[in-house]
Structure formats: C-alpha cells, structure tokens
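Working notes, structure below.
What follows draws every value from the coordinates through simple rules; no lab data is involved. Owing to the predicted nature of the structure, the values given are computational and were not obtained by experimental measurement. Neighbour counts run over all protein chains shown; Cβ positions are idealised from the backbone, glycine included.
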Amino acid sequence: MPVNDTYQRLIDLFDTTGTPYRLIDHEPDGTTDSVSVLRGHPVSQAAKCIVLRVKTDRRTTRHVLAVVPGDRRVDLDAVRALFHARYVGFSDAATAERLARAVPGTVLPFTFDPALELVADPDVVTQPQLYFNAARLDRSAAVSGADYARLAQPRVERIATPRTSDAPEAAPA
C-alpha cells in the first residue's frame, strides 16, 4: 500500500466513523520534538510511533508498533516482559516501512497490517488531544486520545519511560 493510500485510509477511517479530527499542514518534519513545535502543542501530546522486533524464542519473531507520548521513550524491558520475549529491539527501516505502510517519521499510531501488533502506553490514550504525522511529513492529524483508543483498539500497557540525557532516543519509525 503506497503512503498516499495510508493517508487516505486514515482520513476514510475518521470520516466513516464520524470521528472529530483536525488536519494541520506544516513544514515537512518527522522528528517528534521539532514537529510538535511546528504544530503548536506540548511534546507530551505527540504520539511517538516505533516499530519493534520482538523475538519470543529462537524461531519466532513478532513485530510491534509501540506508541508512547512524545516526551518519553519506549521501555524495551517493559515490552520484553509484556511479550515474555528473549529480545526486543528497533525494527530495521525497510521492515518498519513495509508493516506500517509509511516512511520513517510518518508512522501512524494505527496498524493496518495484521502482522503488526499495536501497543499504546496509557498516557497516550488519556490525552485530551493526540497529535501525529498523518503518513506524511507535511501534514499531521489531531484527535482525542479517547477517540484514538476507540478506533485503533490498541493493547494498552505501560511501555514508556522518561527520556534521560544519557539515554538517546532512536529516530521515530
């Protein structure tokens, strides 16, 4: 599915369900901190979306879309415990793009591929407004956290940890 199709699928989802949303045009940007400034909201209201590779045993690999507040980082140990996994790490860019159907920096907090499991931190779904790039670097969407939870139906688990200066965050997927 090309990126434009992913964007259109998101808009169709909002429209067909009657979900209130707002589109925000801005300069092309795919990093959480700087695009939050462009959109004019606190970084904590951004949905940071990262595709993870989860190895539950030597032969089984799962892929998880982890959604955390923009001012946090994904807690890989929490994800490892959640899936009783041997290993959890960031997915390679090609796999992330294929499963998320979006280029890095534009990954939606929704999954349209059954091979990509969706897990969101509770602090994402409780946001009054949740902001994310809409499968495009130059356009974002805003929707309430409650509407996001209703539409995306993520597994809601504590998977975020505060960012620290000595623990750099990987680029968003």
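For this structure, a couple of remarks:
- Ranking V68, T106, A81 by Cα position along the charge dipole of region 48-108, where only Lys, Arg, Asp and Glu carry charges on their C-beta atoms, puts A81 farthest toward the positive end.
- A straight chain from H26 to F90 at 0.36 nm per residue would run longer than the Cα-Cα distance by 20.3 nm.
- Derived scalar couplings ³J(HN,Hα) [region 78-84; Karplus, 6.51 cos²θ - 1.76 cosθ + 1.60; whole Hz; x for Gly, Pro]: 5, 5, 4, 5, 4, 9, 6
- Tilt relative to the chain, helix 3-17 - C-alpha long axis, 0 to 90 degrees, to 10: 70
- Least to most buried among Y7, Y131 (fewest other Cβ within 10 Å first): Y7, Y131
- Per residue, the chain reaches -8000 deg cm²/dmol at 222 nm when only DSSP H runs of four or more residues are counted, each adding -39500 (n - 2.57).
- Near F110, no amide H atom lies under 5 Å from its own; only residues 5 or more places off or on other chains count, and H is placed 1.01 Å from N.
- Charge dipole (Cα centre; +1 on Lys/Arg Cβ, -1 on Asp/Glu Cβ; no other charges) of region 3-160 amounts to roughly 600 debye.
- Burial order of peptide ranges 81-93, 99-111 (average beta-carbon count within 10 Å, highest first): 99-111, 81-93
- Kirkwood Rh, angstrom, region 11-125 [1 / mean 1/r, Cα pairs]: 15.2
- Here the Karplus curve 6.51 cos²θ - 1.76 cosθ + 1.60, taken at θ = phi - 60°, turns the phi angles of region 63-77 into couplings of 10, 10, 9, 8, 10, 10, x, x, 8, 10, 10, 6, 8, 4, 5 Hz, with x standing for Gly and Pro.
- Distance (nanometres) between label positions extended 7 Å along Cα→Cβ at R158 and K55: 2.8
- Amide H to amide H distances under 5 Å link D75 with A160, T161, where only residues 5 or more positions off or on other chains count and H is placed in the peptide plane.
- For L130, the amide hydrogen comes within under 5 Å of the amide hydrogens of V143, S144, G145, counting only partners 5 or more places away or on other chains and with H modelled in the peptide plane.
- By the count of neighbouring beta-carbon atoms within 10 Å, fewest first, I11, I159, I50 end up ordered I11, I50, I159.
- Per-residue ³J(HN,Hα) for region 26-37, Karplus 6.51 cos²θ - 1.76 cosθ + 1.60, θ = phi - 60°, Hz, x for Gly and Pro: 7, 4, x, 7, x, 9, 4, 4, 6, 6, 5, 5
- Centre-to-centre, using Cα atoms only, region 31-108 and region 120-134 are separated by 14 Å.
- Mean separation of Cα contacts under 8 Å (6+ apart) over length of the chain, as relative contact order %: 29
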